[in-house]
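Here is the structure we will look at, set down as structure tokens.
The values are calculated or read from the model by the stated rules, or taken from the named source; none is laboratory data. Keep in mind that this is a model prediction, so the values were computed, not measured. Surface areas here come from the heavy atoms of the whole protein model, side chains and all, with no ligands, DNA or RNA. Shrake-Rupley method; radii C 1.70, N 1.55, O 1.52, S 1.80 Å.
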Amino acid sequence: MEKEQPTTSANAAQAKDQDHNPLLDSPMRGPTLSTSTSSFEALAHAHDPNLSKQATKMFQKTEEYITHELNAPLEDYKLLEEMNKATIAKYKDMRQIAENLNLSTNELCGKFQQLAPLMQQIDEISDTVDKLEAAAYKLDAYSIALENRVKCVLQRKSSQHAGQ
């Protein structure tokens, strides 16, 4: 059977010590109901000023770190946005160049079509000139041959007249 223990204040203190958890104690104020183990408590009247200064400095540095960590992606997005704007500008320039090239090509195509009949006539004239040149060479050769024949005939006549 279980022994009943008398309920006295000594027994209550002993029971309290058995349930005591040192992790729940505040270093400045003793046991608390919270689970905080912070040595920097706002309500503590007698706290270490150096600790307070160091804690404030730590919070400022933590704030700076977090701010920079959050600003880094923002800066990346700004850079990406600037790159996109530059790319858009380049594509606009390239589009304008392509449109100008298209217009120039269409103009040249139209001019070529206008010149095509003239170029055909030039080709025909060139062929005619080539044929005319060939005929001129033949005529020149024939005239030289004819001249030689005439000279021959004249030499024969002159030698026949001299022999008679």
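Is at least one residue of the range 81-91 acidic (Asp, Glu) and open to solvent by 100 Å² or more (accessible area, probe 1.4 Å)? First the steps, then the outcome.
So the first thing to find is which residues in the range 81-91 are acidic (Asp, Glu), and the list is 81-82.
From the residues that got through so far, the ones that are open to solvent by 100 Å² or more (accessible area, probe 1.4 Å) too are 82.
Looking through the range 81-91, at least one residue is acidic (Asp, Glu) and open to solvent by 100 Å² or more (accessible area, probe 1.4 Å).
Applying the selection to the range 60-80, what residues are open to solvent by less than 90 Å² (accessible area, probe 1.4 Å) and under 27 Å from the mean Cα position of the chain (by Cα)?
Asn71, Ala72, Pro73, Leu74, Leu80
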